[in-house]
Amino acid sequence: MFCLWPSAISCFDQIMSAVPDHVLFLWLSPAFPIGSFAYSHGLEWAVASEAIVTPEDLFEWIATLIQHGSGRNDLLLLASSFRAMQEGDEQLAQEINQLALALSPSRERRLETVSQGNAFIKAIQDAWPHEHLPLWLKMGEDLTKGEELSYPVAVAIAASVHGLALQAVLDHFIMAYVANLISAATRLSVIGQTQGQKLLSALMPAMQTQVNAALEGSLDDLGGFSLCSDIASMQHETQYSRMFRS
């Protein structure tokens with residue numbers, strides 16, 4: 001149905017009743033208003049300290065995050081909170097959110113997930129509303145009280161109530177995660193745009209492996225070992241000159 005803006009509200013409910021999986025291209029794109037461009041996940045300090053100098057260094061850094069770090073854990077947290085939402089277990093969804101926040105290894109990484117999580121769910125409520133969203137999180141009231149929502153749990157909330165497929169959500173989420181890291185590295189002049197695409201392509205098998213693991217895994221599988229990235233995010237908090245917020 002084609003709707004001009006003045007009459008769009010009248011057919012809004014019809015549009016919202018059938019959200020296809022490919023809406024994830026919008027929700028997890030750099031254009032979605034969550035400010036993802038402002039975060040480097042500690043990459044800026046890693047580049048400044050010359051822990052990352054070459055494209056090969058960058059590949060190993062990101063591959064470690066996917067296989068053993070925040071990329072892997074975020075997929076598990078997203079999948080677990082998505083299932084909790086589908087089962088109507090609000091208490092478990094809230095507990096998973098608290099666990100996600102507790103896993104943040106530094107102040108900046110917590111800021112990164114909370115800022116994007118809160119911004120994501122607010123944008124969903126404003127542009128892609130659903131009657132069940134307020135049942136899971138009363139954002140209009142809670143945000144003013146400092147409610148903190150981690151980014152993977154925010155995506156799980158929106159995707160679940162809109163009936164999206166979990167595998168599609170995980171596929172798009174990890175792709176956006178890696179693409180944002182590569183974008184940050186490009187702006188830090190570690191690689192060029194074509195090199196970035198080559199890295200993205202080379203990292204696809206690792207991404208798919210972790211998506212499959214998240215589909216079959218649970219919260220018991222959480223854990224990792226990416227100390228260099230964690231330390232980089234801590235060091236970035238006091239970095240003298242910087243472009244990014246993390």
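The values are calculated or read from the model by the stated rules, or taken from the named source; none is laboratory data. Every value quoted in this text rests on a predicted model; they were computed, and no experiment measured them. Please note: Cβ atoms are built from the backbone with ideal geometry, for glycine as well, and neighbour counts cover all protein chains shown.
Structural remarks
- Scan of the stretch 51-92 for residues that are among the acidic types (Asp, Glu), in contact with a helix residue (DSSP H, G or I) (Cβ under 9 Å, 6 or more places away or on another chain) and farther than 24 Å from ALA158 by Cβ, ordered by number: ASP57
- The stretch 141-181: number of residues that are among the hydrophobic types (A, V, I, L, M, F, W, C), modelled with pLDDT of 95 or more, surrounded by fewer than 23 Cβ atoms within 10 Å (Cβ to Cβ) and part of a helix (DSSP H, G or I): 6
- Residue match in the stretch 132-140 (condition: modelled with pLDDT under 90, crowded, with 17+ Cβ neighbours inside 10 Å and not in a helix (DSSP H, G or I)): yes
- Within the stretch 53-65, residues that are free of Cβ contacts under 8 Å to residues at least 24 places away in the same chain and assigned to a helix (DSSP H, G or I) reach no partner that is crowded, with 17+ Cβ neighbours inside 10 Å and aromatic (Phe, Trp, Tyr) with beta carbons closer than 6 Å at six or more positions or on different chains.
- In the stretch 222-246, the qualifying residues are those that are buried (at least 18 other Cβ atoms within 10 Å of the Cβ), of a type in the set (Ser, Thr, Tyr) and at pLDDT 85 or above, and the one that is nearest to THR113 (Cα to Cα) is SER233.
- Condition met for VAL190 (of a type in the set (A, V, I, L, M) and not in a helix (DSSP H, G or I)): yes
Conditions (1) out of contact with any Leu (no Cβ under 6 Å at 6 or more places or on another chain); (2) free of Cβ contacts under 8 Å to residues at least 60 places away in the same chain, marked per residue:
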residue	(1), (2)
VAL169	yes, no
LEU181	yes, no
SER201	yes, yes
VAL211	no, no
SER218	yes, no
GLN239	yes, no
ARG242	yes, no
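- Residues within the stretch 19-41 that are closer than 24 Å to GLN239 by Cα and either in a helix (DSSP H, G or I) or more than 15 Å from the chain's Cα centre (by Cα) (or both), tallied: 3
- Filter result for the condition that a residue is surrounded by 14 or more Cβ atoms within 10 Å (Cβ to Cβ) and farther than 25 Å from SER233 by Cβ, over ASP57, ASP89: ASP89
- Residues (touching a Lys or Arg at 6+ places or on another chain (Cβ under 7 Å) and assigned to a loop (DSSP other than H, G, I, E, B)) located in the stretch 232-242: GLU237
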